[in-house]
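Participant: I have a structure I would like to understand better, so I am pasting it below and will then ask my questions one at a time.
The values are calculated or read from the model by the stated rules, or taken from the named source; none is laboratory data. Predicted model, so just to flag it, every value in this text is computed and none were measured. Ideal geometry is used to build each Cβ from the backbone, glycine not excepted, and the neighbour counts take in all protein chains shown.
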């Protein structure tokens, strides 16, 4: 088994606290610091992965951006469940998406409150990196997926190339604070906490190796010099999880 399990571990409480504070400016700053690409990459992953009538879990749903794009991009979604560890995030999502057929659930990646093989697709949009323990989180996601189901990850990446990794690190450590302040004032400065999640992040190769330990089919694509990843993992009946 890969010895690097990934995840925020002891930094989890700190990051979650910051996330609860930036809700009013979350969308605006994310769009600004990604140079407008955050929505593009989310939509790209959704269109490649999700089809009509799929039962979908939006894990780490936040204020509902990923789910909103899903509903706009895919007709006749089967059932949609939005899960997040923060009540305030789910409240924001309820205001964004007024649809009585959507279910909202409070929970964390590492202990999903669902039965085995409940979903056709689990999707995470810029949230999986906030897991306390990445290996446990991915294992739980595998558990709640049906055989033949797909796991979609759109998230920050950490380039394998050292020079690109340094460039992306500079962006998250210094430029994000400035861009956040320009976009949203003092609350935007809180986005510098993203550098904490970047430091704790496994490299793209390490992430891919971890996913391949649990899923038999992994499509791993990078964008922005490897600073963003779009990953599709497939679950088959023959998958064997290495715990």
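Participant: Identify all residues within region 46-57 that are part of a helix (DSSP H, G or I) and in contact with a helix residue (DSSP H, G or I) (Cβ under 9 Å, 6 or more places away or on another chain); write none if there are none. Steps first, please.
Facilitator: Filtering region 46-57 down to residues part of a helix (DSSP H, G or I) leaves 46-49.
If the condition is that a residue be part of a helix (DSSP H, G or I) and in contact with a helix residue (DSSP H, G or I) (Cβ under 9 Å, 6 or more places away or on another chain), then 46, 47 are the ones that fit.
Participant: Counting just the residues of region 176-190 that are in contact (Cβ under 8 Å) with a residue 12 or more places away in the chain and closer than 14 Å to residue 35 by Cβ, which one comes out surrounded by the fewest Cβ atoms within 10 Å (Cβ to Cβ)?
Facilitator: Looking at residues that are in contact (Cβ under 8 Å) with a residue 12 or more places away in the chain and closer than 14 Å to residue 35 by Cβ, I get 182.
Participant: Ok, one more. Return the residues of region 75-85 that are in contact with a helix residue (DSSP H, G or I) (Cβ under 9 Å, 6 or more places away or on another chain) and modelled with pLDDT under 95; say none if nothing qualifies.
Facilitator: 77
Participant: OK, next. Given 166, 172, which one is assigned to a helix (DSSP H, G or I), more than 19 Å from residue 5 (Cβ to Cβ), in contact (Cβ under 8 Å) with a residue 24 or more places away in the chain and over 15 Å from the mean Cα position of the chain (by Cα)?
Facilitator: 172
Participant: Restricting to region 98-116, what's the tally of residues that are part of a loop (DSSP other than H, G, I, E, B), touching a residue at least 24 places away in the same chain (Cβ under 8 Å) and within 21 Å of residue 71 (Cβ to Cβ)?
Facilitator: Here the count works out to 3.
Participant: Identify the single condition in (1) under 28 Å from residue 50 (Cα atoms); (2) surrounded by 19 or more Cβ atoms within 10 Å (Cβ to Cβ); (3) at pLDDT below 95 that residue 237 does not satisfy, given that it satisfies every other one.
Facilitator: (2)
Participant: If I go through region 1-40 residue by residue, how many of them are under 15 Å from residue 155 (Cβ atoms), in contact with a helix residue (DSSP H, G or I) (Cβ under 9 Å, 6 or more places away or on another chain) and not in a loop (DSSP other than H, G, I, E, B)?
Facilitator: 6
Participant: I'm told residue 95 meets every condition in (1) assigned to a loop (DSSP other than H, G, I, E, B); (2) more than 15 Å from the chain's Cα centre (by Cα); (3) more than 26 Å from residue 147 (Cα to Cα) except one. Can you identify the failing condition by its number?
Facilitator: (1)
Participant: Could we say that residue 154 is outside any loop (DSSP other than H, G, I, E, B), touching a residue at least 24 places away in the same chain (Cβ under 8 Å) and within 17 Å of the chain's Cα centre (by Cα) here?
Facilitator: Yes; evaluated as a whole, the condition is true for this residue.
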